[in-house]
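The values are calculated or read from the model by the stated rules, or taken from the named source; none is laboratory data. These numbers come from a predicted model, not from an experiment. Here the Cβ positions follow ideal geometry from the backbone for every residue, glycine too, while neighbour counts run over all protein chains shown. Ligands, DNA and RNA are stripped out before the accessible areas are found, and what is left, the full protein with its side chains, is counted by its heavy atoms. Shrake-Rupley method; radii C 1.70, N 1.55, O 1.52, S 1.80 Å.
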Amino acid sequence: MAMKNISVKLFWYILLIGLILLAVGITIRYKQGGGSLERQTKTALNQLLSCTRQQAEDFDAAIMQSAAEAVTDKEVGLIQSDEKLREYLVNRFADSMTYACIEELAMSRTFYISIALAKDLTADIRVSELELIKSSDQQECYTFSAKLLSSAGDEAGIARGTILMEKDGSKWKASKITLTVDELYN
């Protein structure tokens, strides 16, 4: 009888430990899923707000190539075919933004902000002190603020806005971004 009581107690202890491990595993997996959303949100914002001098030159080259194609098509002043520019933007941002988001940011010229800072300061622009505040209204929406620094460490601007994330396949991507930048270097 004593042996049976020990076996029953051992069974309950093992069952309890198993349930605790299962609960811990589920909690960790849940937190990693949430962390993945926040991590992808920060990645998208870092890509949008940062710009190296080389990326600014590559952007200018894509613009010039699109303009040259318009001239050869006798459409001077019109960039009819912006395929090179679109290809550049998709190559640079498609890992963290939906195509609709890229298109909207191109139409609103939001991409030009960090590029213009990099060109004006002749320095790489990087993000510092990026803060996200989760919206209480929408599940995958954040307001953000960040300092933009030159490669010398000087503060070039302060960025603020909102970012809405959506699942694209198995990956979180930005689907809408609003942005304002207060330039501080003038």
Counted charge near ALA152, where neighbours are those whose Cβ lies closer than 15 Å (Asp, Glu -1; Lys, Arg +1): -1
Residue pairs, from the table LYS134/LYS167; LYS134/LYS171; LYS147/LYS171, whose Cα atoms sit over 23 Å apart: LYS147/LYS171
Full-stretch length increase - THR143, ASP182 - with 0.36 nm per residue and alpha-carbon distance subtracted: 12.4 nm
Solvent-accessible surface (1.4 angstrom probe) belonging to ILE133, in square angstrom, nearest 10: 110 Å²
Charge sum, other residues only, whose C-beta stays under 13 Å from LYS167's C-beta, Lys/Arg counted +1 and Asp/Glu -1: -1
Relative packing of peptides 108-119, 163-174 - highest average C-beta neighbours within 10 Å first: 108-119, 163-174
